[in-house]
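Read through the structure below, which is laid out as structure tokens, and then see the notes.
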């Protein structure tokens with residue numbers, strides 16, 4: 001079965017593939033609130049600091065290099081879990097239905113600095129994001145390890161970008177809860193990675209090291 005790994009690690013951390021190097025990165029963050037732990041860790045944070053201070057992550061992978069004649073049989077998002085507040089949480093993944101968000105402009109309120117989300121934080125069900133989760137993972141107090149999010153096969157776009165939203169489960173997160181995730185600009189071997197396996201339907205193979213975009217939103 002063809003195996004496609006999209007990552008900015010110089011060596012894939014979750015498969016036998018060896019990606020090439022030389023990807024141009026363009027990732028960033030929004031401003032952080034005083035109660036956020038973001039400045040302490042320097043990576044992306046998913047958090048719930050009460051009713052008016054949440055943070056989510058949007059992430060994009062260019063998966064158009066997979067031939068559209070292929071059928072996706074498996075998709076796993078690997079994110080490196082850097083730190084948390086010492087408690088277990090559930091992190092949900094949604095299909096981000098908006099493909100016009102930009103790294104330079106996306107905020108909690110807007111997709112690219114001017115156009116508002118239907119619901120702030122990319123939380124509009126059926127408009128900004130899928131109405132149901134496409135994957136989730138339980139996070140323990142253990143850190144400094146990759147966590148795997150098994151995604152719905154239909155979430156992989158073979159003709160363009162695959163966009164995802166990561167958010168702490170509303171029934172799990174409470175004031176003061178946070179998890180910190182390594183972003184693409186930071187340590188090699190800890191960067192986000194998407195692995196897609198397909199059945200052959202007209203070609204295929206390993207497509208190494210495709211640039212992804214990652215951005216954090218806060219409220």
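The values are calculated or read from the model by the stated rules, or taken from the named source; none is laboratory data. It should be emphasised that the depicted structure is a prediction, and the values quoted were computed from it without experimental measurement. Quick reminder, even Gly has a Cβ in these numbers, built from the backbone with ideal geometry, and neighbours come from all protein chains shown.
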*In this structure, does residue 104 turn out to be in contact with a strand residue (DSSP E or B) (Cβ under 9 Å, 6 or more places away or on another chain), surrounded by fewer than 16 Cβ atoms within 10 Å (Cβ to Cβ) and either outside any loop (DSSP other than H, G, I, E, B) or at pLDDT below 90 (or both)?*
yes
*Residues of region 69-108 being without any contact (Cβ under 8 Å) to a residue 40 or more places away in the chain and farther than 15 Å from residue 162 by Cα, which ones?*
105
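Listed here are the residues, each with its yes/no results for (1) at pLDDT 90 or above; (2) under 20 Å from the mean Cα position of the chain (by Cα).
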| position | (1), (2) |
| --- | --- |
| 1 | no, no |
| 7 | no, yes |
| 23 | no, yes |
| 27 | no, yes |
| 33 | no, no |
| 40 | no, no |
| 52 | no, no |
| 60 | no, yes |
| 72 | yes, yes |
*Within region 76-97, tally of residues that are over 14 Å from the mean Cα position of the chain (by Cα) and closer than 29 Å to residue 118 by Cα*: 2
*Among residues of region 190-201, those that are part of a strand (DSSP E or B) and surrounded by 16 or more Cβ atoms within 10 Å (Cβ to Cβ), counted*: 6
